[in-house]
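Beneath this line is the structure, given in structure tokens, with notes to follow.
The values are calculated or read from the model by the stated rules, or taken from the named source; none is laboratory data. Since this is a predicted model, take the numbers as computed values, not measurements. Neighbour counts are summed over all protein chains in view; Cβ atoms, including those assigned to glycine, are modelled from backbone coordinates with ideal geometry.
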Amino acid sequence: MMFPIMDIRTRIVFGWGSFQEIGGLIPIGRSFVVMGSPSPRQEALLERLSSDIGGDIEVFKGVEPNPLTDTVDRGADEMARYHPDQVIAVGGGSVMDAAKAMALVAHSGGSVLDHLRGTRPIEGMGLPLYTIPTTPGTSSEITPFSVITTREDRTKLGLRDPSLYPTRAIIDPSLTVSLPPDQTAATGFDILSHAFESYWARRSTPVTKRFSLEAVSLVRENLKGAFMDGSVRIYREGLSLASVFAGMAFSNTGTTICHALSYPVTYDTGLPHGFACALSLPGACELMAERDPEVIRSLSHAFGCSMGSLPDEIRSMIRSFGIDPRLRHGSVDGGMERVMGPEVAPFRDNLCVSLSEEDVRGLYSSMFIE
Ligand SMILES: [Fe+2]
């Protein structure tokens, strides 16, 4: 029997303080830098970046959390006019996702919505992309995915193509030290969701599964500590490494139903992505325990609990970060119809067991107060 084991095309540099070596990691040239909202910290990073890599720099600031199609199109327009040699994304997952989509649109024209809806083919970014994450979580710095929010469709839609792998990721866990506790917790649950969903994905392999389990263990060992005291190096390193492992796993397998169910929730309630994904994890674990107990045996072992207690352990962990593990009814407008739409089908079909429409309805309902 032969199957693809692992395919990661991003060259990854990892280490505390690796940002200090940036001059040797990104070539000199015309650089288009994509960043989030302006802040003193972002300015300090930008100053260091421009002094160490040299060359000409144009900066696009202000990518919002859950980046919008309008922002991507605006950035793509600026990028196309600037004619850079390379793109550098500095920030969280939203910045990485936006930078990939901007480069894609700048290269091929049109609007990002055409690519998200599949009416225009993905023809690559046309430029090298260097990523410098300041949060762990999405792993977008090493994945071939970009998720963009569309007001037109009232949800998030994703781009997935091998051409979207960044060229090189410079992962310096010391850049995550100032991440506030609530965002630390949300990004931790994003990692956990990637790891769980990759593990039970149809495309998982023995290698991606090992990476998933390692990510689960690292989140269990480090998330509480990083939430309580974000300045502790070992916790931040553990979470950044967990993000790399989960990213390597789900780059190859994709995510599944929990991510699909989270998109309308984040769109309507503003609940951060990681928590929105985590709300359906307990229900998904209960379902998987019935259909494929071995999966839950392995995941619960990595999470440090028994199979039967895994759903409640996840719920109590969510609660320990001040988030209610169940949503109020009516908080997502027409949610059930939205999660039964055609865009959810690929996520549903990517599960290692088959899911009926009734199963999806049940999972969606499990996110709400009974
Ligand atoms: Fe995610």
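Note on the range 137-185: residues that are modelled with pLDDT of 95 or more, within 15 Å of G36 (Cβ to Cβ) and within 12 Å of the ligand (Cβ to nearest atom) total 1. Listed conditions (1) under 22 Å from the mean Cα position of the chain (by Cα); (2) surrounded by 21 or more Cβ atoms within 10 Å (Cβ to Cβ); (3) assigned to a helix (DSSP H, G or I) are all met by L271, apart from (3). Scanning the range 116-142 for residues that are touching a residue at least 40 places away in the same chain (Cβ under 8 Å) and among the hydroxyl-bearing types (S, T, Y) turns up Y130, T131, T134, T135, T138, S139, S140.
When you scan the range 115-134, do you find a residue that is touching a strand residue (DSSP E or B) at 6+ places or on another chain (Cβ under 7 Å), assigned to a helix (DSSP H, G or I) and not assigned by TED's automatic domain parsing to the domain that holds Q183, even just one? Yes, there is a match, as at least one residue in the range 115-134 is touching a strand residue (DSSP E or B) at 6+ places or on another chain (Cβ under 7 Å), assigned to a helix (DSSP H, G or I) and not assigned by TED's automatic domain parsing to the domain that holds Q183. Number of residues in the range 347-370 that are touching a residue at least 40 places away in the same chain (Cβ under 8 Å), surrounded by fewer than 17 Cβ atoms within 10 Å (Cβ to Cβ) and within 22 Å of R202 (Cβ to Cβ): the value is 4. Going through (1) touching a Ser or Thr at 6+ places or on another chain (Cβ under 8 Å); (2) assigned to a helix (DSSP H, G or I) one by one, V332 falls short only on (2). Test V332 against the stated conditions and say whether it is within 29 Å of T205 (Cβ to Cβ) and of a type in the set (V, I, T). Against the criterion (within 29 Å of T205 (Cβ to Cβ) and of a type in the set (V, I, T)), V332 does not qualify.
Within the range 302-313, being free of Cβ contacts under 8 Å to residues at least 60 places away in the same chain and part of a helix (DSSP H, G or I) holds for L310, P311, D312, E313.
One line per residue, one yes/no per condition, for (1) part of a loop (DSSP other than H, G, I, E, B); (2) without any contact (Cβ under 8 Å) to a residue 24 or more places away in the chain; (3) away from the ligand (no atom under 16 Å from the Cβ); (4) in the same structural domain as E337 (by TED's automatic domain parsing):
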| position | (1), (2), (3), (4) |
| --- | --- |
| L213 | no, no, yes, yes |
| V216 | no, no, no, yes |
| V219 | no, no, no, yes |
| G225 | no, yes, yes, yes |
| L239 | no, no, no, yes |
| S243 | no, no, no, yes |
| A246 | no, no, no, yes |
| S251 | no, no, no, yes |
| S298 | no, no, yes, yes |
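Select from the range 213-243 the residues that are among the hydroxyl-bearing types (S, T, Y), over 15 Å from F189 (Cβ atoms) and surrounded by 22 or more Cβ atoms within 10 Å (Cβ to Cβ) and list them in ascending order. Scanning the range 213-243 gives Y235, S240. Is there a residue in the range 58-66 that is assigned by TED's automatic domain parsing to the domain that holds I142, more than 30 Å from I234 (Cβ to Cβ), surrounded by fewer than 21 Cβ atoms within 10 Å (Cβ to Cβ) and in contact (Cβ under 8 Å) with a residue 60 or more places away in the chain? Within the range 58-66, one or more residues are assigned by TED's automatic domain parsing to the domain that holds I142, more than 30 Å from I234 (Cβ to Cβ), surrounded by fewer than 21 Cβ atoms within 10 Å (Cβ to Cβ) and in contact (Cβ under 8 Å) with a residue 60 or more places away in the chain.
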